[in-house]
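Accompanying notes for the structure given below.
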Amino acid sequence: MGKWDFETGPSNSPQGWTLGTGWLWGYDTSLGQSGGVHSGTKAIYTYNGNYPNNIRSTYWATSPAVDCSGCSGGWNLEVWKRLGVEYHYYDHAYIQVKNAQGNWAQIYSSSGTINDNSFQRVTYNIASHVQNNPAFQVRFGLGTTDGSVTYTGWNVDDVSIIPAGGGGGGEEGNWTSAPFGPGMTGAYTSQGTKYGITSIDATIPTGSNLVLSVLDGVSNTPIPGYTNLDPTWIDLGGIDAEKHPSLRLKLYFDARGGANTPIVHQIHMNHRYGTSFSSNPTDAGWSVSGMNWNNGQISGSNGAVATSPVFTSHRPLTQMQFTSTSTGQFTVEAQSMVETGNLSPLVVSHLSKNLGVQYSSESPVQVVAHLVI
């Protein structure tokens with residue numbers, strides 16, 4: 001469900017976290033990047049070098065709120081941490097979570113002297129705090145400290161909310177979204193009066209499974225024909241928005257048999273498809289020629305091609321926008337197939353990372369996007 005790898009900023013609020021006094025984003029320069037980060041290039045941490053003496057209150061790094069009102073089953077908080085803190089009579093480190101009653105509950109308090117020399121994976125059972133919680137949060141605290149002897153404090157990376165047992169024991173969990181659609185207001189409303197493409201950017205390890213079902217937003221009953229679906233992407237345009245002015249997405253996480261749990265990175269709504277290539281793109285319907293996938297990116301030399309799945313949309317397309325994080329030069333091609341079955345190019349954008357295309361059709365359209373390195 002929730003995962004924060006801290007690879008994106010801004011520096012004062014990486015991925016929506018609130019950093020209190022003494023907390024920083026990047027890596028502790030005294031440890032270096034290899035010692036101060038578990039994966040990628042960035043983490044959150046307390047101070048460069050050792051924390052100071054005489055901290056008189058607890059300084060917190062706090063996550064954004066996660067809507068877990070639809071969560072059921074067992075859930076764990078998984079953290080990769082490198083912690084250095086003096087004996088607990090003198091200095092203190094904490095992890096707390098906000099429960100469904102809106103109160104902070106302590107799930108970890110440092111005991112003894114701790115001086116990790118590398119990142120350690122730790123897991124905490126948070127099922128009683130997550131279930132039916134519309135605003136779950138986690139925070140890491142440092143302080144108080146006494147007047148002598150200091151250590152490196154917190155270095156925190158790759159924080160995840162996962163079904164219990166997902167680290168290897170293997171269990172199940174469910175998550176249901178807040179209602180969204182043309183019948184809602186604010187952040188949960190839809191653009192226009194029809195539903196469109198929805199996509200889920202997730203890592204699904206071998207042996208595990210992630211299944212999507214679509215529910216009516218009021219009754220929570222499944223929409224016929226929209227249950228037990230591949231979550232990669234789905235066209236919701238076939239759902240009658242007048243009959244169902246709001247919908248919910250329900251995700252079933254299956255990590256039985258010792259598999260690692262699926263991790264959802266982002267859910268893209270309002271006719272958007274997105275992927276971070278955190279999993280092999282061929283598993284999500286992409287085809288690649290002359291390219292390699294490794295560590296969340298695809299790469300290749302001149303002439304290499306990555307081709308997306310074919311997207312079928314009940315909703316007319318009026319604009320397409322392509323955005324990416326990349327290096328090097330590439331072109332983007334978009335093609336459509338309307339009723340006749342013949343592919344025809346819509347646009348070619350040379351050496352561009354952002355593509356805005358004006359195109360309209362009153363018929364269902366299939367779009368193929370080509371990334372040409």
Number of the condition not met by Thr261 [criteria: (1) in a loop (DSSP other than H, G, I, E, B); (2) surrounded by fewer than 18 Cβ atoms within 10 Å (Cβ to Cβ); (3) of a type outside the set (Gly, Ala, Ser)]: (2)
Among residues of segment 189-208, those that are modelled with pLDDT under 90 and either hydrophobic (A, V, I, L, M, F, W, C) or surrounded by fewer than 16 Cβ atoms within 10 Å (Cβ to Cβ) (or both), counted: 10
Out of the residues in segment 287-319 meeting the condition of being closer than 27 Å to Gln191 by Cα and not hydroxyl-bearing (Ser, Thr, Tyr), tell me which one is modelled with the highest pLDDT. Pro309
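Would you mind finding the one in Gln120, Gln96 that is surrounded by fewer than 15 Cβ atoms within 10 Å (Cβ to Cβ), of a type outside the set (Gly, Ala, Ser), out of contact with any Asp or Glu (no Cβ under 8 Å at 6 or more places or on another chain) and at pLDDT 95 or above?
Values: Gln96 fails: surrounded by fewer than 15 Cβ atoms within 10 Å (Cβ to Cβ).
That would be Gln120, the only listed residue that is surrounded by fewer than 15 Cβ atoms within 10 Å (Cβ to Cβ), of a type outside the set (Gly, Ala, Ser), out of contact with any Asp or Glu (no Cβ under 8 Å at 6 or more places or on another chain) and at pLDDT 95 or above.
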Identify all residues within segment 166-217 that are without any contact (Cβ under 8 Å) to a residue 12 or more places away in the chain and aliphatic (A, V, I, L, M); write none if there are none. Ala187
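Do the conditions hold for Thr113, that is, is it out of contact with any Ser or Thr (no Cβ under 9 Å at 6 or more places or on another chain) and not aromatic (Phe, Trp, Tyr)? Explain how you work it out, then say what you get.
On the way: out of contact with any Ser or Thr (no Cβ under 9 Å at 6 or more places or on another chain): yes; not aromatic (Phe, Trp, Tyr): yes.
So Thr113 fits the description; yes.
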So in segment 50-74, with the set limited to residues that are of a type in the set (Gly, Ala, Ser) and out of contact with any Gly (no Cβ under 8 Å at 6 or more places or on another chain), which one is surrounded by the most Cβ atoms within 10 Å (Cβ to Cβ)? Gly70
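Out of curiosity, is Gly70 assigned to a loop (DSSP other than H, G, I, E, B), modelled with pLDDT under 95, under 25 Å from Ala178 (Cα atoms) and under 24 Å from the mean Cα position of the chain (by Cα)? Walk me through how you get there before you give the answer.
Details: assigned to a loop (DSSP other than H, G, I, E, B): yes; modelled with pLDDT under 95: yes; under 25 Å from Ala178 (Cα atoms): yes; under 24 Å from the mean Cα position of the chain (by Cα): yes.
When the stated conditions are applied, Gly70 passes them.
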Across segment 203-233, what is the total count of residues that are under 20 Å from Gly183 (Cα atoms) and not in a loop (DSSP other than H, G, I, E, B)? 5
Check segment 110-117 and report whether any residue there is touching a helix residue (DSSP H, G or I) at 6+ places or on another chain (Cβ under 9 Å) and without any contact (Cβ under 8 Å) to a residue 40 or more places away in the chain. yes
Just the residues that are farther than 30 Å from Lys250 by Cβ and without any contact (Cβ under 8 Å) to a residue 24 or more places away in the chain, please, taken from segment 57-109. Tyr89, Gln106, Tyr108, Ser109
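The values are calculated or read from the model by the stated rules, or taken from the named source; none is laboratory data. The shown structure was predicted, so the numbers you read here are calculated from the model rather than taken from an experiment. Cβ: placed from backbone, ideal geometry, glycine included. Neighbour counts: every protein chain shown.
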